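What follows is calculated from the coordinates using simple rules that are stated; it is not laboratory data. What you are looking at is a predicted structure, and each value in this text was computed from that prediction instead of being measured.
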Amino acid sequence: MSERSWQDDVGRQVRTLRTIVVALVLGPSVFLMIVLMASLGAPRAESGPSALTWVALAVAGLCVVLRLIVPGAVVASARRRILRGQYDPAARATGARRRQLEAFFQRTGDAGRLMIVYMTTTILAGAILEWATFFLLVVCMIDRQVLSLVVAVALILAIAALLPWRSRVFAWMESQLRRLDEERQFNPPRE
């Protein structure tokens, strides 16, 4: 398998993932606009943040920590499964989609499997942040606190930062392919 062949196939997947990340950004962004329009003319809370605001901020903090930990754990687990030959995302698919995935993996090998891992972790990270963003925006509608609004905007920007670019995806994949090669050299399969 030449490097160019997996890059062409993976490049098409990057475009698909880019569309998904844009959708993850648009959902809370549209809701942000709704919150802002609903808040026009409404009196802002005079007192400090309520307990609900603090809970929302704590949940947002927890989600940020999860966003930093969970994707790395998923990548490490998937890489171990790829090494053992047990990572087969096509097994869950049916019909034409299964045939498409099997052909994709036939052309791309481990690079294609890693692309599926990259897509999964990116969507997972975005979904974790998106959930926290919606929660903060709902709390902002209730409490009318600017603090929850500011943190929600920061989370929307964090989701937007997940937007995949070919160069970043290829660099990540090449580093993961090197790690797979190193792990294969130092941990040959047992017979």
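When shorter helices are ignored and each DSSP H run of at least 4 residues is given -39500 (n - 2.57), the per-residue value for the chain at 222 nm works out to -29000 deg cm²/dmol. Between helix 110-143 and the chain, what is the angle of the helix's C-alpha long axis to the longest principal axis, kept within 0 to 90° and rounded to the nearest 10? So the inclination is approximately 10 degrees. Computing percent of Cα pairs over 32 Å apart for the structure here picks out one of [x] 14; [y] 31; [z] 19, namely [y].
For the residues Gln145, Gln13, Gln100, a GNM of the chain with alpha-carbon springs under 10 Å puts the largest fluctuation on Gln100.
When every alpha-carbon pair in the stretch 125-191 is counted, what percent end up more than 20 Å apart? Please list the in-between numbers first.
On the way: 1203 of 2211 pairs.
Cα-Cα pairs in the stretch 125-191 separated by more than 20 Å: 54 percent.
The C-alpha atoms of the chain define a longest principal axis, and helix 146-160 lies at about 20 degrees to it.
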